[in-house]
Amino acid sequence: MEKWLEELQSLLPEGHVLTSLADRHSYSFDASFGEHLPDAVVQVKEKQEVADVLKLANRYKVPVHPRGSGTCLSGGPLPVHGGIVLDMSQFPAIIDLSPRDLTVKVTPSVLTGNINKAAEKHGLMYAPDPSSAHVATIGGNLAENSGGPRGLKYGVTKDHVLGLEVVTPEGEIIKTGGQTIKNVTGIDLTKLIVGSEGTLGVIVGATLKLMPKPPAVQTIMVAFDEVRKAGEAISQTLTSGILPAKMEFMDQACIIAVENFQPVGLPVDAAAVIIIELDGHPETLRVERGLIEEIMEEMGAKEIIIPKSDEEAAKLWHARKQVSPAIAKIKPTKVSEDATVPRSKIPDFMDRLELIKEKYGLDVVAFGHAGDGNLHPNILCDKRNVEEMKLVEKAVEDMFQAALDLGGTLSGEHGIGTMKAPFMELELGEVGLDMMKRIKDSWDPNGILNPGKVFPEKGQKLVLHHD
Ligand SMILES: Cc1cc2nc3c(=O)[nH]c(=O)nc-3n(C[C@H](O)[C@H](O)[C@H](O)COP(=O)(O)OP(=O)(O)OC[C@H]3O[C@@H](n4cnc5c(N)ncnc54)[C@H](O)[C@@H]3O)c2cc1C
């Protein structure tokens, strides 16, 4: 046994270091692509253990890959360089609310959906609502700067973080930010850590912002007979003075997939639907609902559906949540992207996706948070088909290029991880990427924390096929 592993085992309580092949396999994948076996899995339960592990790993220059629930769609927690997977999900899940301050302190293992459930008991809400909130950890959300449907009105994770407790790659415990809404003391390290994908530090605690829960919500579903019309209707709504909380898009393939999976009565003959949620005072919602109906009629909507009860509305939102598992039934492999464009460019991006689909003859479906320009084009394929996967690689590259041509970005919320690292220079330029790398190198001089993520390795390409 290697010396570092022997020392690690003597450092931590029995059972915290897992080395059996079965255990290591369980931590070799996430919800994206690729499998990489770690040398050891370490289940930490308190911040001092994290600090001890990082000190040791830094001394022996052993890679450490933090991991929450492993729901990442970009390869973030994969141990691509072996070493240690640091399982943060075994921390005690603590949610400590301060309703009078409108804040909550959490440990990294807390499931994001549970923060909102706890806040609701006090008439409050934690706004970020990734579709995976019921299974993903807040540590993972902070590391990925995750977003969800409500991002349209309320922003993403970084907009709701007041302070963090972080273990540095050299094993020191630091605090960033604090508990106040205003805080301009020095460089904003909180914002630097949020979205750094486990490459700068391990998050062991966070203070998050809460807000009053809106008194009422109104759901509206609108069906269109042309995808482009749906895109234009989204732009028109957002420039009308109304800001919905959510504005989600599903194309026909997604509608049919959901109906085949868990039917709720979505209009399967529509080319696309938009599902909208307005929130606020009931009187305001009544007026805004009328205005949206007018806009949608002007934009040539095929059908406007207003749910008759909260249960009916909940069914529509459940249907939207089911898109990911439903399309996964169509073909064995799903390559899920989240390139994002300025809102006014949504119709153009939809056109470009259609062209990519035709060019490579691939099964491409689209859904997502169209209100903030964050579509999720998914390529449905079969990873055993080498020739098809080579086309998928090219199609993904074209999608990124299309988003960047339209003034957009590689990722709206799923992060860079291993999957998008080869494309970073396309968006940031050589110097922009180098400036980012210099920050990484100064935080982590030995490069032990989550290597192989975000920053491309020399000549790295997106490879989804196995010859
Ligand atoms: C069905 C499905 C739906 C999804 N929907 C959404 C969505 O709507 N919006 C969205 O943004 N994402 C979505 N995702 C992606 C994923 O759920 C998020 O990225 C989530 O934040 C990952 O959390 P996790 O606990 O699973 O973290 P992991 O997948 O385990 O890790 C994610 C990253 O965070 C790092 N990390 C984890 N914990 C820590 C820590 N304590 N300190 C430092 N780094 C850490 C890891 O190294 C890795 O880089 C979805 C995924 C699935 C499978």
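Out of LEU208, LEU192, LEU200, LEU243, I need the residue that is part of a loop (DSSP other than H, G, I, E, B), within 16 Å of the ligand (Cβ to nearest atom) and hydrophobic (A, V, I, L, M, F, W, C). Which one?
On the way: LEU208 fails: part of a loop (DSSP other than H, G, I, E, B); LEU192 fails: part of a loop (DSSP other than H, G, I, E, B); LEU243 fails: within 16 Å of the ligand (Cβ to nearest atom).
When all the criteria are applied, what remains is LEU200.
Which residues, taken from the stretch 6-45, are in contact with a Pro (Cβ under 8 Å, 6 or more places away or on another chain) and within 15 Å of the ligand (Cβ to nearest atom)?
Result: TYR27, SER28, ASP30, HIS36, PRO38, LYS45.
Among (1) over 26 Å from GLY361 (Cα atoms); (2) within 16 Å of the ligand (Cβ to nearest atom); (3) among the hydrophobic types (A, V, I, L, M, F, W, C), where does LEU410 come up short?
Every condition holds for LEU410 apart from (1).
Tell me yes or no: at least one residue of the stretch 448-465 is away from the ligand (no atom under 16 Å from the Cβ), surrounded by fewer than 24 Cβ atoms within 10 Å (Cβ to Cβ) and not in a loop (DSSP other than H, G, I, E, B).
No - not one qualifying residue is present in the stretch 448-465.
Do the conditions hold for VAL156, that is, is it farther than 28 Å from ALA51 by Cβ, more than 23 Å from the chain's Cα centre (by Cα) and buried (at least 16 other Cβ atoms within 10 Å of the Cβ)?
no
Report the residue count in the stretch 218-240 for those that are within 23 Å of ASP129 (Cα to Cα) and part of a strand (DSSP E or B).
Matching residues across the stretch 218-240 total 5.
I'm trying to understand the selection: among the residues of the stretch 58-108, which are under 22 Å from the mean Cα position of the chain (by Cα), open to solvent by 40 Å² or more (accessible area, probe 1.4 Å) and away from the ligand (no atom under 13 Å from the Cβ)?
Hits for the stretch 58-108 are ILE95, LYS105.
Return yes when GLY171 is farther than 19 Å from GLU49 by Cα, within 15 Å of the ligand (Cβ to nearest atom) and either open to solvent by less than 20 Å² (accessible area, probe 1.4 Å) or modelled with pLDDT of 95 or more (or both) and no when it is not. Quick ask: steps written out before the conclusion?
Working: farther than 19 Å from GLU49 by Cα: no; within 15 Å of the ligand (Cβ to nearest atom): yes; either open to solvent by less than 20 Å² (accessible area, probe 1.4 Å) or modelled with pLDDT of 95 or more (or both): yes.
For GLY171, the condition - farther than 19 Å from GLU49 by Cα, within 15 Å of the ligand (Cβ to nearest atom) and either open to solvent by less than 20 Å² (accessible area, probe 1.4 Å) or modelled with pLDDT of 95 or more (or both) - is not met.
Return the residues of the stretch 182-213 that are more than 19 Å from LYS437 (Cα to Cα) and either in contact with a strand residue (DSSP E or B) (Cβ under 7 Å, 6 or more places away or on another chain) or open to solvent by less than 50 Å² (accessible area, probe 1.4 Å) (or both); say none if nothing qualifies. Give the derivation first.
At the first step, the residues of the stretch 182-213 found to be more than 19 Å from LYS437 (Cα to Cα) are 182-186, 203-213.
If the condition is that a residue be more than 19 Å from LYS437 (Cα to Cα) and either in contact with a strand residue (DSSP E or B) (Cβ under 7 Å, 6 or more places away or on another chain) or open to solvent by less than 50 Å² (accessible area, probe 1.4 Å) (or both), then ASN183, ILE203, VAL204, GLY205, ALA206, THR207, LEU208, LYS209, LEU210, MET211, PRO212, LYS213 are the ones that fit.
Would you confirm whether or not the stretch 263-278 contains a residue that is among the β-branched types (Val, Ile, Thr), outside any strand (DSSP E or B) and surrounded by 24 or more Cβ atoms within 10 Å (Cβ to Cβ)?
The first filter runs over the stretch 263-278 and keeps only residues among the β-branched types (Val, Ile, Thr), leaving 264, 268, 273-276.
So of that shortlist, the ones also outside any strand (DSSP E or B) come out as 264, 268.
Now restrict to residues that are surrounded by 24 or more Cβ atoms within 10 Å (Cβ to Cβ): none.
There is no residue in the stretch 263-278 that is among the β-branched types (Val, Ile, Thr), outside any strand (DSSP E or B) and surrounded by 24 or more Cβ atoms within 10 Å (Cβ to Cβ).
Filter the stretch 143-152 down to the residues that are assigned to a loop (DSSP other than H, G, I, E, B), more than 18 Å from ILE416 (Cβ to Cβ) and either more than 8 Å from the ligand (Cβ to nearest atom) or open to solvent by 10 Å² or more (accessible area, probe 1.4 Å) (or both) and list them by number. Steps first, please.
Of the residues in the stretch 143-152, the ones assigned to a loop (DSSP other than H, G, I, E, B) are 145-150.
Filter once more, keeping what is more than 18 Å from ILE416 (Cβ to Cβ): 148-150.
Answer for the stretch 143-152, where residues must be assigned to a loop (DSSP other than H, G, I, E, B), more than 18 Å from ILE416 (Cβ to Cβ) and either more than 8 Å from the ligand (Cβ to nearest atom) or open to solvent by 10 Å² or more (accessible area, probe 1.4 Å) (or both): PRO149, ARG150.
Inside the stretch 287-406, counting only strands (runs of 3 or more DSSP E) that do not spill past its ends, which hold 2 or more residues that are buried (at least 18 other Cβ atoms within 10 Å of the Cβ)? Before the answer, list the steps.
Values: elements: 303-305, 333-336, 363-369, 374-381.
Hits in the stretch 287-406: 333-336, 363-369, 374-381.
Are any residues in the stretch 119-142 open to solvent by 20 Å² or more (accessible area, probe 1.4 Å) and in a helix (DSSP H, G or I), and if so, which ones? Outline the logic, then answer.
The first filter runs over the stretch 119-142 and keeps only residues open to solvent by 20 Å² or more (accessible area, probe 1.4 Å), leaving 120-123, 129, 131-132, 134-135, 140.
Result: GLU120, GLY140.
Within the stretch 407-424, take every residue that is in contact with a Pro (Cβ under 7 Å, 6 or more places away or on another chain) and assigned to a helix (DSSP H, G or I) and give me the one that is most open to solvent (accessible area, probe 1.4 Å).
In this case the residue turns out to be PRO422.
The values are calculated or read from the model by the stated rules, or taken from the named source; none is laboratory data. Please read all numbers here as calculations on a predicted model, not as lab measurements. Virtual Cβ from ideal backbone geometry, glycine too; neighbours counted across all protein chains shown. For accessibility, only protein heavy atoms count, side chains too; no ligands or nucleic acids. Shrake-Rupley method; radii C 1.70, N 1.55, O 1.52, S 1.80 Å.
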